[in-house]
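One structure is given below, encoded as C-alpha cells.
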Amino acid sequence: MPLIECFASRLYRAALGRGCAGLNRRLIAEVRQLERDDAAGQAWSARHYPQGYTSYASAHRLQRLSPTFADLEQRLDVHVRAFARATGWDLRGRELAMTDCWANVMRRGAAHAPHIHPLATVSGTYYLATPPGVPGIKFEDPRLERFMARPPLKARAPEQPWITLPVRAGQLVLFESWMRHEVPPLIAARERISVSFNYAWF
C-alpha cells in the first residue's frame, strides 16, 4: 500500500551478556541487604510505593557505592552505546554517562504509575528476578494526547496506543527518557526484582 511510516519511537531489549548469572546473584544479595538496612528507603516506599521497595529516593547512585553495581554499569555502557548508534545520535565531544542507578523490589499489589524520567537522555531497567506472571513494562504512544477526532482502533490494528514488553531475568530494556511508561500491578506471589538507571549527555 502507498503508506509512509514516520516518526518511529525506538525501544532496545537485549540480554546483558555472558557471565550475567553470577552477577545477578551478587546484585540480588546486595538489593536484599540494602532493603534491610535502608530505613529512609523503607519509609519512602511505605508512603509512595506500597507493597514494594525502591532505593530511588534514598540510594540512587548505587554504581558509585558498590563494585557490583559498578560492574553492571560497565556492562550496560556497551548496550547504551549500541542504542545511541542505532538511533543515529551525534555524540561527538560528549559521552552518555550513567547518572542514577537504583533498586526496585515489587511484591503482590505493587505498581509503577505512568511517568517519565526528567533530566535524563536514556533510561532503562535490568531485570534480576522475573517469576511467571510478572507484568512487563508498558509504554504509551507519545502522540496520544494530540489525537483529535480519531476513530478507535481495531483490536488487531498494527498500531496501538500502548505496547507492553515482556520482561525476563538477565535482560535489559532501554528507551529515551521522555517516553511515558508504567508497570501494571504485580499479581504473582513471588517478587519482581530489577535495577533501574538513567544516562545523560549534558
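The values are calculated or read from the model by the stated rules, or taken from the named source; none is laboratory data. Keep in mind the model is a prediction, meaning the values are calculated, not measured. Note: ideal-geometry Cβ built from the backbone for every residue, glycine included; neighbour counts use all protein chains shown.
Among the residues of the stretch 142-170, the one identified as surrounded by 16 or more Cβ atoms within 10 Å (Cβ to Cβ) and without any contact (Cβ under 8 Å) to a residue 60 or more places away in the chain is Val167. For the stretch 53-100, a residue qualifies if it is more than 30 Å from Phe7 (Cα to Cα), part of a loop (DSSP other than H, G, I, E, B) and among the aliphatic types (A, V, I, L, M), and the qualifying residues are Ala57, Ala59. Scanning the stretch 163-202 for residues that are in contact with a Ser or Thr (Cβ under 7 Å, 6 or more places away or on another chain) and among the polar types (S, T, N, Q) yields Ser177, Ser194, Ser196, Asn198.
Here the condition is being at pLDDT below 95, on the phi < 0 side of the Ramachandran plot and of a type in the set (A, V, I, L, M); of Leu72, Leu91, it holds for Leu91 alone. Within 16 Å of the chain's Cα centre (by Cα), part of a loop (DSSP other than H, G, I, E, B), of a type in the set (A, V, I, L, M) and buried (at least 20 other Cβ atoms within 10 Å of the Cβ): does that describe Val195? Here the answer is no, as Val195 does not meet what is asked.
Of all residues in the stretch 79-95, none that is closer than 16 Å to Leu174 by Cβ and free of Cβ contacts under 8 Å to residues at least 60 places away in the same chain has its Cβ atom under 7 Å from the Cβ atom of a residue that is exposed (fewer than 12 other Cβ atoms within 10 Å of the Cβ) and not hydroxyl-bearing (Ser, Thr, Tyr), 6 or more apart or on another chain.
When the stretch 4-61 is filtered for residues that are of a type in the set (Phe, Trp, Tyr) and at negative phi, the ones remaining, listed by number, are Tyr12, Trp44, Tyr49, Tyr53, Tyr56. Checking the stretch 113-129 against the condition returns a match, with at least one residue being at negative phi, at pLDDT below 95, of a type in the set (A, V, I, L, M) and surrounded by fewer than 20 Cβ atoms within 10 Å (Cβ to Cβ). For residues that are assigned to a loop (DSSP other than H, G, I, E, B) and farther than 17 Å from Tyr127 by Cβ, tally how many sit in the stretch 19-52. Qualifying residue count, the stretch 19-52: 4.
The residues in the stretch 43-65 that are polar (S, T, N, Q), under 14 Å from Arg107 (Cα atoms), surrounded by fewer than 22 Cβ atoms within 10 Å (Cβ to Cβ) and modelled with pLDDT of 95 or more can be counted, and the count is 0. Residue under question is Phe147, and the condition is that it be hydrophobic (A, V, I, L, M, F, W, C) and modelled with pLDDT of 95 or more; does it hold? Against the criterion (hydrophobic (A, V, I, L, M, F, W, C) and modelled with pLDDT of 95 or more), Phe147 does not qualify.
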